[in-house]
Amino acid sequence: MSKTDNVKGYESKSINWYPGHMAKAKRMMQESIKLIDVVVEILDARIPLSSKNPDIDELAKGKYRVLLLNKSDMADDKKTAVWKKYYEDKGFFVSIVNSKTGAGVKSTTEVIQKACREKIERDRKKGILARPLRAMIAGIPNSGKSTFINSFAGKACTKTGNKPGVTIGKQWIRINKDVELLDTPGILWPKFEDPKTGLHIAFIGSINDDILYPEDMALELIKILVKDYPGVIKERYGVDVTAEIVPNVTNDSDAAGRDMTKETVTNVSSETAVKILEMIGQKRGCLKKGAEIDLEKASKLLIDDFRTQKLGRITLEMPE
Ligand code: G4P
């Protein structure tokens with residue numbers, strides 16, 4: 001099996017690892033969802049598609065929905081704005097946040113109120129006294145649920161304890177007079193039937209790296225960088241990507257009259273990506289005995305640079 005284009009034991013490992021956690025998480029969410037008005041799903045703004053679990057649409061049927069594009073400080077602002085509009089067009093209430101600094105976090109109350117305005121209005125008409133809206137935070141591992149809850153709740157929060165008629169053991173955090181949060185977030189396991197999704201969620205540390213080959217992750221990252229952030233590889237590693245791609249282009253159009261220049265840049269081949277990875281390894285001295293390039297080491301270096309933001313603010317996905 002080629003180590004550069006296959007996900008490591010991908011199917012067998014994911015099958016072993018997925019259902020146990022998933023079943024338990026789903027059960028917990030099903031139980032909690034009955035108690036709340038609105039589900040606030042946290043996405044990683046660098047992968048707004050792969051970090052969204054489609055199961056939640058089924059689980060949260062009949063509930064109001066808010067999406068938070070979290071870790072916006074690590075993502076590409078322009079692309080985050082495109083994603084916000086994309087999900088708003090689908091009917092979600094969307095907010096851009098940075099849970100680490102707290103930017104955009106407090107205004108989540110307003111977004112929750114907007115999402116629930118129908119209910120607020122209905123209650124008001126019935127003369128029901130406004131009670132805080134009840135929200136549950138949900139998201140895949142590492143999307144920033146705990147960080148968001150801590151930032152949203154702040155120091156002033158009070159745990160309201162069990163409520164009459166509410167399953168024993170459920171704790172609510174009073175955020176302010178308008179919103180209460182269930183203190184345990186709903187953990188959704190990412191869905192990764194598509195290997196690309198698996199690679200993308202691995203980039204954000206949502207699944208254990210051991211499930212994948214670092215080379216596969218690095219090649220996927222290189223393909224995205226060459227296509228969307230062509231200057232980054234040159235700037236960081238001194239590797240001129242265009243020089244690698246241009247030799248593939250024999251002329252401006254092929255026999256069928258297609259524009260080959262464009263096709264090559266938007267669809268970087270694995271061979272080209274491997275070549276670029278080798279050049280990065282060479283530049284960074286990732287070598288094995290006998291001066292052979294250590295692709296695994298070069299891959300880990302690239303992934304680490306992405307995770308620690310040394311490549312800048314990068315969004316890996318765009319709406320189709
Ligand atoms: P989870 O509950 O969904 O599993 O995620 P958690 O809050 O534990 O966050 C996962 C990692 O993401 C943490 O980093 C956290 O600090 C970071 N994080 C969360 N929100 C943001 C954000 O908006 N921007 C940035 N830059 N980072 C964010 P960690 O390295 O695992 O922990 P720590 O070293 O920060 O303590």
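The values are calculated or read from the model by the stated rules, or taken from the named source; none is laboratory data. Fair warning: this is a prediction, and the values are worked out from it, not measured in the lab. When we count neighbours, we look across all protein chains shown, and the Cβ atoms used for this are built from the backbone with ideal geometry, even at glycine.
Kindly indicate whether any position in segment 70-92 is in contact with a Lys or Arg (Cβ under 6 Å, 6 or more places away or on another chain) and in a strand (DSSP E or B). No: zero hits. One residue stands out among those in segment 71-100 that are small (Gly, Ala, Ser) and more than 19 Å from ASN142 (Cβ to Cβ): the one that is surrounded by the most Cβ atoms within 10 Å (Cβ to Cβ), which is SER95. Of everything in segment 43-59 that's touching a helix residue (DSSP H, G or I) at 6+ places or on another chain (Cβ under 6 Å) and more than 14 Å from the ligand (Cβ to nearest atom), which residue is modelled with the highest pLDDT? Restricting to residues being touching a helix residue (DSSP H, G or I) at 6+ places or on another chain (Cβ under 6 Å) and more than 14 Å from the ligand (Cβ to nearest atom), the top hit is SER50.
Just checking, which of GLY290, GLY312 is over 29 Å from the mean Cα position of the chain (by Cα) and either at positive phi or at pLDDT below 95 (or both)?
Values: GLY312 fails: over 29 Å from the mean Cα position of the chain (by Cα).
The match here is GLY290.
Applying the condition of being of a type in the set (A, V, I, L, M, F, W, C) and part of a loop (DSSP other than H, G, I, E, B) to segment 19-58 and asking which residue is farthest from ASP228 (Cα to Cα) yields LEU35. If the requirement is being surrounded by 17 or more Cβ atoms within 10 Å (Cβ to Cβ) and either over 14 Å from LEU181 (Cα atoms) or touching a residue at least 24 places away in the same chain (Cβ under 8 Å) (or both), which of these qualifies: ALA103, ALA115, ALA130? None of the others qualify; the one that does is ALA115. Taking first residues from segment 134-149 that are basic (Lys, Arg) and partners that are part of a loop (DSSP other than H, G, I, E, B) and near the ligand (Cβ under 6 Å from one of its atoms), the Cβ contacts under 9 Å between residues at least 6 apart in sequence or on separate chains come to LYS145/SER99. Within segment 129-152, being assigned to a loop (DSSP other than H, G, I, E, B) and near the ligand (Cβ under 6 Å from one of its atoms) holds for PRO141, ASN142, SER143, GLY144.
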